[in-house]
2 protein chains.
Amino acid sequence: MNLSTLSFDIANLQAAYASGVTVRAVIAEAKRRCASDTHHAFIHRLTDAEIEPFLARLDGVDPASLPLYGVPFALKDNIDLAHIPTTAGCPQFAYTPGESAFLIQQLLAAGAVPLGKTNLDQFATGLNGTRSPYGACQNAFNPAFVSGGSSSGSAVSVAKGWVSFSLGTDTAGSGRVPASFNNLVGLKPTIGLLSATGVVPACRTVDTVSIFALTAADAQAVLAVAAVPDEADAFSRKAEPFGVDFSAGPFRFGVPRAQDLAFFGNTAAHGLFEASIERLKALGGTAVEVDLTPFLEAARLLYEGPWVAERYVAIKDFIDAQPEAVFPPVRTIIEGGRGKTAADAFAASYRLKALKRVCDAVWKDIDCLLTPTAGTIYRIAEMQADPIRLNSNLGYYTNFMNLLDYSAVAVPAGMLTSGDAAGLPWGVTLGAPAHKDVPLLRLADRFHRAQALSLGATAALLADTPAIGEVPKSALGAGTVKVAVCG
Amino acid sequence: MNLSTLSFDIANLQAAYASGVTVRAVIAEAKRRCASDTHHAFIHRLTDAEIEPFLARLDGVDPASLPLYGVPFALKDNIDLAHIPTTAGCPQFAYTPGESAFLIQQLLAAGAVPLGKTNLDQFATGLNGTRSPYGACQNAFNPAFVSGGSSSGSAVSVAKGWVSFSLGTDTAGSGRVPASFNNLVGLKPTIGLLSATGVVPACRTVDTVSIFALTAADAQAVLAVAAVPDEADAFSRKAEPFGVDFSAGPFRFGVPRAQDLAFFGNTAAHGLFEASIERLKALGGTAVEVDLTPFLEAARLLYEGPWVAERYVAIKDFIDAQPEAVFPPVRTIIEGGRGKTAADAFAASYRLKALKRVCDAVWKDIDCLLTPTAGTIYRIAEMQADPIRLNSNLGYYTNFMNLLDYSAVAVPAGMLTSGDAAGLPWGVTLGAPAHKDVPLLRLADRFHRAQALSLGATAALLADTPAIGEVPKSALGAGTVKVAVCG
């Protein structure tokens, strides 16, 4: 077997292990690939000595006995890995945790092997990937373009085929926008399914850890291992039954009204979105026009409203003491949280509650919502020249999901074939209420496989990977339904 | 039938109507009784002309066809009754609503007849009843003592036998403390069961309308009519199945550790609490000691933390324009909300979330929690001399319930037989998770009937009223249980 061309999708890796390839050989190859990083994807690549304990615990273990045996992964550098500094993209903020984050512990116990801590928009504040003193992260397809953020390096390291999957975080869209820009599946799970213990908060009430993977099947495999309720995290929630699995069809999907769509001049993206609607119809979906107005109002609350004060609370002692250590646009945003009043916060929470009531009404009529993940993509130079406005454009379709407590999966929707960004990938997002992660992943997989695409920025073909299967036995549970019995 | 001595408990009224007594005769008698108010219970008693439309709609109606046919009630003057001014205890704030509050509309449709708008601690800010420009509301048993608040007049009007039931509101304990001080059942339902449309907010995220009644059966009858989900109120919730009905026993009830109990010198109250524990045991309960520390920390958040900013938001335009119109201690408290930051608000919400996780763990071991409703009671003169500290004492056991999203029923526990407050009633509260309102009411009824008590401050006997029955068919639903079916 030629390891240098081995696709790291999980099914392929498992086949390699079943055929006798050793975990040390695979991880050495993964390490070699990670070392080729010229995209500013990594803040820290683990040394041999740092990786060794994870390999040692797999010695003598049957590869088939662990769901993520020998699967290399990367994690955003706002998530703790024991004895490796966590920087959150700010070297002056760095600390070295004694323990790995609770959800990382689950992955390690399942046999996954960490290769590196990835670059990010500092303190997870941004959707573009340029806001880092470790360098502007470059798109996996074209280094002149942004990677998307804030989970920039996490997306690039998977897209390049260096690791099998990675972890990001997602408050405003940080787990979805980089997936779209790098031809990946990006799962933004139901808030609380993945423990936040050992994760640097952005906005604690609306943060979630996210998963980047080459396929929806891989995202599901990681979610099934990682979604363990955590007593120590007050925001941790148990997975609830997802109810009817609409993914096999027939299903009804929402599509924004024409006047609610924004592609910021990217006509090729608009074309891919229209093709995506037709693709979902061909899969058994009925399109239903949705008025996006209340969703977009909720989206604006995230940065215009008081939630930015959560970012300030998260690093209050640090930014008060060393404001100059914070990356300029990030500092402007986070310091803006200082002046918000509690009255602002409560008034906005009332508004959000009312908007959620309006938005939730759509689920009576549709199973899921289809939107672009981001309307367009920008060059790094463009983003750096206009860092607030262009970043805001990237969050147009993503900012409302966590505020409204929805689950979402970003999925590739084809390649841009014209315009400045020709040759770059583009993607859509499927959204649904909380706890619909599994049906969303299944529908995303069908949508993904209805296209002839490569995996990430690699030469491997999606068609060579198996379709998504049943949820592995896990904390996620199955699609149980509730039956009321009078008594 | 001698109407002047007719007990207005609902069962007795229904019997009177069945025997041919007319609604006009009953309401005339109720009006006569209300006119005797020397306790500062009412801000406005309805005139004949104002009552007439409610009587006219009952003309020719079969009394048995409406669950609250001809039942006189009073409502706290922060709840809208169409065409009657709502003052919230502040004449300069008054406005005249065109419509009745959504939940009042339900009661009117069920045949209930409003007799008056009741006095309150201004803007529902207080637990004692003295904070009103309409006069310090006097206890139904002894006018030298506080009525409790903020729903002061609502409690007194029921205790005196002037009306059958009344509505209050409860944020920190305003629906429970006055029940305890006036020998009533006070239901503080699960937040959201009773619509807040047409109610002046105190702290919108933790407010609920509450019900004062002579018996638990009457409180249940009112709840069953009033608990209608309201699309217009973003905080409205549907009743969920209450699960196992623990009220028939055997059940397990929590009791605070000795060091967590505070009676503020009232040894007679302490004795009644110990008797209450024994009474619950005799009803099939097993007492379980509970560490109240996290509950008490949550309680302190309500006034020491940012939630007071919600009170400021609720009347911001008014208090900014006319601060001198606000009653002195109320003004001090509400203006304190102006200076709280959004960072304070989020940090406190995180703390509350963590505390709730700890507090909720008790429900694994107990079905309900028994506490005093208030440790002691004060004279009006004492309260006016030390208005903040003594008020705070009254909320020691009540402030945490809404913050933690619990349901609670205050129930009489006997009369104080020694000390300064001898001759006054005293009560306990049974608390449980949200949606346990019905089992709590049933257990409260058993607890209540295990004592030989009069109804409120009237001469009528509890023993002459029927025990609580099944929940009337209503939005409340029954004690359904959930069964998971894999599919």
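Values for this structure:
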| read-out | value |
| --- | --- |
| Residues that are within 13 Å of another protein chain (Cβ to nearest Cβ) and touching a residue at least 60 places away in the same chain (Cβ under 8 Å), drawn from the stretch B:225-236 | B:Pro229, B:Asp230, B:Ala232, B:Asp233 |
| Of the criteria (1) hydrophobic (A, V, I, L, M, F, W, C); (2) loosely packed, with under 13 Cβ neighbours inside 10 Å; (3) farther than 22 Å from A:Leu223 by Cα, which one A:Ala64 fails | (3) |
| The stretch B:58-84, residues that are touching a Pro at 6+ places or on another chain (Cβ under 9 Å), in a strand (DSSP E or B) and touching a residue at least 60 places away in the same chain (Cβ under 8 Å) | B:Pro72, B:Phe73, B:Ala74, B:Leu75 |
| Answer residue from the stretch A:331-370, given it is of a type in the set (Val, Ile, Thr) and in contact with a Gly (Cβ under 7 Å, 6 or more places away or on another chain) and is nearest to the other protein chains (Cβ to nearest Cβ) among those | A:Val362 |
| Answer residue from the stretch A:1-41, given it is farther than 23 Å from A:Arg57 by Cβ and among the β-branched types (Val, Ile, Thr) and is modelled with the highest pLDDT among those | A:Thr38 |
| Hits in the stretch B:152-167 (condition: within 11 Å of the chain's Cα centre (by Cα) and in a helix (DSSP H, G or I)) | B:Ser152, B:Ser154, B:Ala155 |
| Sole residue being out of contact with any Pro (no Cβ under 9 Å at 6 or more places or on another chain) and within 12 Å of chain B (Cβ to nearest Cβ), chosen from A:Pro306, A:Pro250, A:Pro323 | A:Pro306 |
| B:Ile27 closer than 23 Å to B:Ala226 by Cβ, in contact with an Asp or Glu (Cβ under 6 Å, 6 or more places away or on another chain) and surrounded by 14 or more Cβ atoms within 10 Å (Cβ to Cβ) | no |
| Strands (runs of 3 or more DSSP E) within the stretch A:381-487 that include 2 or more residues within 14 Å of another protein chain (Cβ to nearest Cβ) and at pLDDT below 95 | A:481-485 |
| Test for A:Thr373: is it more than 14 Å from chain B (Cβ to nearest Cβ), surrounded by 22 or more Cβ atoms within 10 Å (Cβ to Cβ) and in contact with a strand residue (DSSP E or B) (Cβ under 7 Å, 6 or more places away or on another chain) | yes |
| Any hit, the stretch A:350-367, residues being out of contact with any Pro (no Cβ under 7 Å at 6 or more places or on another chain), hydroxyl-bearing (Ser, Thr, Tyr) and crowded, with 19+ Cβ neighbours inside 10 Å | no |
| Counted residues, the stretch A:45-57 - those being surrounded by fewer than 19 Cβ atoms within 10 Å (Cβ to Cβ), outside any helix (DSSP H, G or I) and touching a Gly at 6+ places or on another chain (Cβ under 9 Å) | 1 |
| Pairs with Cβ under 7 Å, 6+ apart, first in the stretch B:239-254 and buried (at least 22 other Cβ atoms within 10 Å of the Cβ), second modelled with pLDDT under 95 | B:Ala239/B:Ala475; B:Ala239/B:Leu476; B:Ala239/B:Gly477; B:Phe242/B:Gly479 |
| Given (1) touching a strand residue (DSSP E or B) at 6+ places or on another chain (Cβ under 9 Å); (2) closer than 22 Å to B:Phe165 by Cα, index of the condition B:Arg446 fails | (1) |
| Residue satisfying all of: in the stretch B:223-255; of a type in the set (Phe, Trp, Tyr) and touching a Leu at 6+ places or on another chain (Cβ under 8 Å); nearest to B:Asp437 (Cα to Cα) among these | B:Phe246 |
| Answer residue from the stretch A:199-224, given it is within 12 Å of chain B (Cβ to nearest Cβ) and charged (D, E, K, R) and is surrounded by the fewest Cβ atoms within 10 Å (Cβ to Cβ) among those | A:Arg204 |
| Single residue of the stretch A:131-151 satisfying the filter (assigned to a loop (DSSP other than H, G, I, E, B) and within 17 Å of the chain's Cα centre (by Cα)) that is surrounded by the most Cβ atoms within 10 Å (Cβ to Cβ) | A:Ser151 |
| Per-region count, the stretch B:1-34, residues under 20 Å from B:Phe212 (Cα atoms) and either free of Cβ contacts under 8 Å to residues at least 24 places away in the same chain or under 23 Å from the mean Cα position of the chain (by Cα) (or both) | 12 |
| Selection count, the stretch A:271-285, where residues are touching a Pro at 6+ places or on another chain (Cβ under 9 Å) and crowded, with 17+ Cβ neighbours inside 10 Å | 4 |
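One line per residue, one yes/no per condition, for (1) over 19 Å from A:Ala413 (Cβ atoms); (2) surrounded by fewer than 21 Cβ atoms within 10 Å (Cβ to Cβ); (3) of a type in the set (Phe, Trp, Tyr); (4) within 12 Å of another protein chain (Cβ to nearest Cβ):
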residue: A:Asp260; (1), (2), (3), (4): no, yes, no, no
residue: A:Ala269; (1), (2), (3), (4): no, no, no, no
residue: A:Ala287; (1), (2), (3), (4): no, yes, no, no
residue: A:Asp291; (1), (2), (3), (4): yes, yes, no, no
residue: A:Leu302; (1), (2), (3), (4): yes, no, no, no
residue: A:Lys316; (1), (2), (3), (4): yes, yes, no, yes
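The values are calculated or read from the model by the stated rules, or taken from the named source; none is laboratory data. Everything quoted here is computed from the prediction, not taken from an experiment. All Cβ positions, glycine included, derive from the backbone under ideal geometry; neighbour counts span all protein chains shown.
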